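Read through the structure below, which is laid out as structure tokens, and then see the notes.
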Amino acid sequence: MALRLGRPGLTLAWTADPLLRAAAWLRRGEAAAALNDLKGVPSSARSAVLTARALHQLAALEAGAAAQSARRLARAEGDSGGLVAAVALVAEQELLAGTAPYAALRTLAEGLKVAELSGQPADAHLLAVLAAAQARLNPRKAAQTAGKALDRSEARSPARVLALQVLGQPEEAAAQARTGELAPVWWAVMSPPPVPS
């Protein structure tokens, strides 16, 4: 609950669960600490996604391969949540690599398909990354998608900060990032990013 409320510091104080701890460290951009908590954790799609996100934050050479591996593992396990998280990470990497946004859009389509097949609303973070990709092609459509992401996102979450950035509200994005203890890597696909004080 603390993590959902955008309080990673409280999460770290209150839980010994290595997956939750890793997720909290990653919110704060403390990827090395996340990898430390993931040591010895049984292999799963969720641990693979967290590991891939940590490697991404560290700008490790193997970050792209790790994200693709997590994506394949989530498919094999039938872990829809893990697959959506992996797809969002792969798309972020594609956007940061400077490739045409169409590659990220194709990647994100898999995450949207997961939501469609499961009958669930699309994930807020996936929608925020989608809006960031669309912003490079169609600002009006990007704003609509970002609005959906904002409606579905939780306060102080990476999804909310990224959606606010797409919507041209950097001051509110910065406030959300600051109170949510979020590291700038979460909105690196946007420029310029908010700078928490």
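Brief remarks on what is shown
- Flag if ARG75 is within 23 Å of LYS113 (Cα to Cα), charged (D, E, K, R) and under 15 Å from the mean Cα position of the chain (by Cα): no
- Subset of the range 175-187 [open to solvent by less than 70 Å² (accessible area, probe 1.4 Å) and more than 19 Å from ALA135 (Cα to Cα)]: ALA175, GLN176, ALA177, THR179, GLY180, GLU181, LEU182, ALA183
- Per-region count, the range 134-154, residues surrounded by fewer than 24 Cβ atoms within 10 Å (Cβ to Cβ), closer than 15 Å to PRO101 by Cβ and aliphatic (A, V, I, L, M): 3
- Residue within the range 88-97 that is closer than 16 Å to MET190 by Cα and not in a helix (DSSP H, G or I) present: yes
- Screening GLU94 against (1) under 17 Å from the mean Cα position of the chain (by Cα); (2) within 21 Å of ALA23 (Cα to Cα) leaves a single unmet condition, (2).
- Condition met for ARG72 (within 20 Å of LEU50 (Cα to Cα), basic (Lys, Arg) and without any contact (Cβ under 8 Å) to a residue 40 or more places away in the chain): yes
The values are calculated or read from the model by the stated rules, or taken from the named source; none is laboratory data. Since this is a predicted model, take the numbers as computed values, not measurements. As a convention, Cβ positions derive from the backbone with ideal geometry for all residues, glycine included, and neighbour counts pool all protein chains shown. Only protein heavy atoms, including side chains, enter the accessible area calculation; ligands, DNA and RNA are left aside. Shrake-Rupley method; radii C 1.70, N 1.55, O 1.52, S 1.80 Å.
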